[in-house]
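Trainee: The structure follows.
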Amino acid sequence: MTVSYTKDVVTARKGAFFRLLFRWRGSVYKLIWKDFLLFVLFYLIVRFVYRGLLNKSQKRIFEEICKYANSYSSIIPISLVIGFYVKEIFSRWQAMFNSVTWPDRMAMAVTANIKGIDDRGRLIRRTIVRYMILGYIMNQTSICPSVKRRFPTLNHITQAGLMTPQEEKIIKEIPDSKVNKYAIPFLWTVSVICLARKEGRIYNDYAVSVLNKELMDFRAGLGKLLRYYAVSFPLVYTQVCKVP
């Protein structure tokens, strides 16, 4: 999770930069301190073996091995690889952030295009927005651990009032290997939009097109997040940048 520090640097104060530099939460120090301690421990072990246990001939062999390994360090331009790695990681993070979608636009489009102040009209609008949030939560349970802890099963979503027992039964009856289940509420949303058009609560087909476009954009953003989660950044780049 990204740690916000904007409030610490929003105004220029004495020592603001140094307080930010030595901030622990979300810092690089907190990220690497365990690896750093292991490195120091390994270094001390190698130093102890080299200084105290090896004889002259063994030290000479060890030094030759070190020189041989060092001769290959200039073959791979590490600075170029690290620069590419950092650029791609940031671009990936930025794309993931931009893919985070919200149901607000769809909710406003529903309010603007589906008419009716009676109970039936309100029920249709609420059902569409509920399905949007349901699909969002089902998607995030596959990605976000905090959401998964809040809704570990479909029954927890039902208890929260986002899904009826009948809808839960329908989703459970679909095999897991057949379809991404978070897309099911969006299919239901399309059916509700078509029903609203048939009942005359949506005045024209253009309004239906607007609603469907907002729905598809919402669904596409969630699909991108799921793909970013499923397909990780190539491990070889992470290893190459960490090994040196």
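The values are calculated or read from the model by the stated rules, or taken from the named source; none is laboratory data. Owing to the predicted nature of the structure, the values given are computational and were not obtained by experimental measurement. We place every Cβ from the backbone using ideal geometry, glycine too, and count neighbours over all the protein chains shown. For accessibility, only protein heavy atoms count, side chains too; no ligands or nucleic acids. Shrake-Rupley method; radii C 1.70, N 1.55, O 1.52, S 1.80 Å.
Trainee: Can you compute the FRET efficiency between SER146 and ASP217 using 1/(1 + (r/R0)^6), with r the Cβ-Cβ distance and R0 = 35 Å? Round to the nearest 0.05.
Mentor: For SER146 and ASP217, the calculated efficiency is 0.90.
Trainee: Report, largest value first, the span of the C-alpha coordinates of the stretch 135-182 along each principal axis, in whole Å.
Mentor: Per principal axis, max minus min of the Cα coordinates gives 26, 24, 14 Å.
Trainee: Something else: Any idea what the alpha-carbon Rg over 2.2 N^0.38 Å comes to for the chain?
Mentor: Ratio of Cα Rg to 2.2 N^0.38 Å: 1.56.
Trainee: Another question, if that's okay. Can you tell me the length gained on complete extension of the stretch TYR72 to TYR50, counting 0.36 nm per residue apart and subtracting the Cα distance?
Mentor: Fully extending the segment from TYR72 to TYR50 adds 5.7 nm.
Trainee: Provide the gained length on full extension for the span HIS156 to TYR203, in nm with one decimal, where the gain is 0.36 nm per separating residue minus the Cα-Cα distance.
Mentor: Additional length available on full extension: 13.2 nm.
Trainee: State, to one decimal in nm, how far the label point of LEU31 lies from the label point of PHE84, with both points 7 Å from Cα in the Cβ direction.
Mentor: Result for the modelled spin labels: 2.0 nm.
Trainee: To continue, here is another question. Given Cβ point charges of +1 (Lys, Arg) and -1 (Asp, Glu) and nothing else, what value in debye, to the nearest 20, does the dipole of the chain about its Cα centre take?
Mentor: 860 debye
Trainee: Once you have the Cα-Cα distance between LEU20 and ASP176, take 0.36 nm times their residue separation minus that, and quote the gain in nm to one decimal.
Mentor: Here the answer is 51.5 nm.
Trainee: Run the Debye formula on the Cα coordinates of the stretch 186-231, all scatterers equal and no solvent, and tell me log10 I(q)/I(0) at q = 0.18, 0.20, 0.21 1/Å.
Mentor: Ignoring solvent entirely, the Cα scatterers give -0.58, -0.65, -0.69.
Trainee: Give me the 1.4 Å probe accessible area per residue for the chain, excluding ligands and nucleic acids, in Å².
Mentor: 72 Å²
Trainee: Still on this model: With every protein chain present, what accessible area does TRP24 have (1.4 Å probe, heavy atoms only), rounded to the nearest 10 Å²?
Mentor: 130 Å²
Trainee: Determine the shape class of the stretch 85-167: with a ≥ b ≥ c the square roots of the Cα gyration tensor eigenvalues, call it rounded for a/c under 1.5, and otherwise prolate if a/b is greater than b/c, oblate otherwise.
Mentor: Since a/c reaches 1.5 but b/c is at least a/b, the shape of the stretch 85-167 is classed as oblate.
Trainee: For the stretch 39-109, just the Cα atoms, rotate onto the principal axes and tell me the three extents in Å, largest first.
Mentor: Principal-axis extents of the Cα atoms in the stretch 39-109, largest first: 80, 28, 10 Å.
Trainee: May I have the convex hull volume per residue, in Å³, for the Cα set of the stretch 101-244?
Mentor: About 141 Å³ per residue, rounded to a whole number.
Trainee: Can you give me the distance in nm between label points at PHE39 and ILE117, each placed 7 Å from the Cα along the Cα-to-Cβ direction?
Mentor: Inter-label distance under the simple model: 6.8 nm.
Trainee: Once the whole set of protein chains is in place, how much accessible area is left on ARG150, using a 1.4 Å probe, in Å² to the nearest 10?
Mentor: We get 130 Å² for ARG150.
Trainee: Once you sort the root eigenvalues of the Cα gyration tensor of the stretch 158-200 as a ≥ b ≥ c, which label holds: rounded (a/c under 1.5), prolate (a/b larger than b/c) or oblate (the other case)?
Mentor: Oblate, since a/c reaches 1.5 and b/c is not below a/b.
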